[in-house]
Amino acid sequence: MSTPTQEKAMSSEPAAPQQPSAVRRVLTGIGVQNSSLIITLIALIVLLSILNDNFLRTNNLLLIGSAITIMGLLALVQTLVIILGALDISVGSMAGLASVVSAMVFTSSGNAEVGILAAVGVGIVCGLINGMIIIFGRVNPVVATLAMLATYKGIAQVISDGKSQGYTGGDDLFIFLAKGAIAGLPSLVWVFLIVAAILHFLLKYTDIGRNVYAIGGNDTAARLAGININRYIIGVYALAGVVAAVAGVLITARTGSGQPVSGSEGLELQAVTGAALGGTMLKGGRGSIISTVLAVIILGVLDNGMSGLGINPFWQNVAHGALLVIAVVLQQLRSGERRVGLPE
């Protein structure tokens, strides 16, 4: 028989911690940002499927996947650049220049692989130039890449005389990139997924990724920790050039010729919008490739839905701009920083 003292001790024992529900565990694993993006995507799909009977057809869904590839590639690498604490406004122009180079080299050599390698080489050079201007010229990344946007666009127009170059529609490799499929998914989608997987692994599971986050979060602390910031800036911008070149090659494959401007115009805004909508902090140090992938899909679904409903395509730019503003405003509200021009 227990004494009153024992009963009091037993009654004062802390209760066993309550286990979180399965739903909460799943949401915690996915993350708040990804959960909100998934909910938004589902709601958008449900709405568009109600408004348009053809929206959920397999052909239309595959069309969405192919349509987001080029913009998605640039959004992915823009995410990496922004996490570093920088920005690359020149990715669209680099893609246009790479498109022209790939077509012109292919036309002169008759070899698609040579044309693609030449485009990638141009992308690397452009990325290295961006990085070196920022480091050795001590120029703000936005200003530097804005200047190079005009420069790369001008070079593409000069060497192409402002016209489409070459014809790649008869080459098996370019045809496969544009119209081929593996396991039912278009080749374009596979390129996007492969690049996304590589960048996700790089950021999440390597020292390189951890250092990129560290630099974007606090470059002073990163420097004191022994991280060579200049090397990372050049490396990340070179990688941005490579991915932009891949996007340029896909532009060539889809259009059947090198496009100095028409295939890449406005991609800079779309890339930044995709990254920001995915929750990548424009001040650096925070972001996720998976979140950017979800944001890019949302943009693709929105564009396709607007087209399917017969809405003027110019409104797509309005929608992208509005989404970018909303994403940035939400970032500022979450950060709790003082609003410009208003009392604290």
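Rounded to the nearest angstrom and listed largest first, the equivalent-ellipsoid semi-axes of the range 163-260 from its Cα gyration tensor are 36, 17, 7. Output the 0 to 90 degree angle, nearest 10, between the alpha-carbon long axis of helix 69-83 and the longest principal axis computed from the alpha carbons of the chain. The helix 69-83 is inclined about 60 degrees to the chain. Each Lys or Arg adds one and each Asp or Glu takes one away; over the other residues whose Cβ falls under 15 Å from the Cβ of I116, this sums to -2. Between L309 and F176, the modelled labels are 4.0 nm apart [label points 7 Å from Cα along Cα→Cβ]. Enclosing the Cα atoms of the chain in their convex hull gives a volume equal to 232 cubic angstrom per residue.
Relative to the longest principal axis of the Cα atoms of the chain, helix 141-160 runs at roughly 30 degrees.
Modelled spin-label separation between L269 and R210, with each label point placed 7 Å from Cα along the Cα-to-Cβ direction: 4.0 nm. Per residue, the chain reaches -24000 deg cm²/dmol at 222 nm when only DSSP H runs of four or more residues are counted, each adding -39500 (n - 2.57). At an R0 of 35 angstrom, the distance between the Cβ atoms of T107 and A322 translates into a FRET efficiency of 0.30. Projected label points at L185 and S49, each 7 Å from Cα along the beta carbon direction, are separated by 2.0 nanometres. The residues neighbouring I215, those whose beta-carbon lies less than 13 Å from its own, together hold a net charge of +3 under the Lys/Arg +1, Asp/Glu -1 convention. Solvent-accessible area of H320, all protein chains in place: 10 Å² (probe radius 1.4 Å, heavy atoms, ligands and nucleic acids excluded). When Rg and the Kirkwood radius Rh are both evaluated on Cα atoms of the range 26-97, their ratio Rg/Rh stands at 1.08. Farthest towards the positive end of the charge dipole of the range 53-182, among the residues P141, L80, N59, is the Cα of P141, using unit charges on the Cβ of Lys, Arg, Asp and Glu. The mean sequence distance of close C-alpha pairs (under 8 Å, at least 6 residues apart), as a share of the length of the range 147-277, puts its relative contact order at 38 percent.
Evaluated over the Cα positions of the range 98-165, the convex hull gives a direction-averaged projected area, one quarter of its surface, of 4.6 nm². Against the chain, whose longest principal axis is taken from its Cα atoms, helix 112-136 shows a tilt of about 60°. Rolling a 1.4 Å probe over the protein heavy atoms leaves E113 with an accessible area of roughly 100 Å².
Within the chain, the longest segment free of exposed loop sites, counting trypsin sites (Lys or Arg not before Pro) that fall outside DSSP classes H, G, I, E and B and have at most 12 other Cβ atoms within 10 Å, spans 164-337.
The values are calculated or read from the model by the stated rules, or taken from the named source; none is laboratory data. Source: prediction; values computed, not measured. Please note: Cβ atoms are built from the backbone with ideal geometry, for glycine as well, and neighbour counts cover all protein chains shown. Keep in mind that these areas ignore ligands, DNA and RNA; they rest on the heavy atoms of the full protein, side chains included. Shrake-Rupley method; radii C 1.70, N 1.55, O 1.52, S 1.80 Å.
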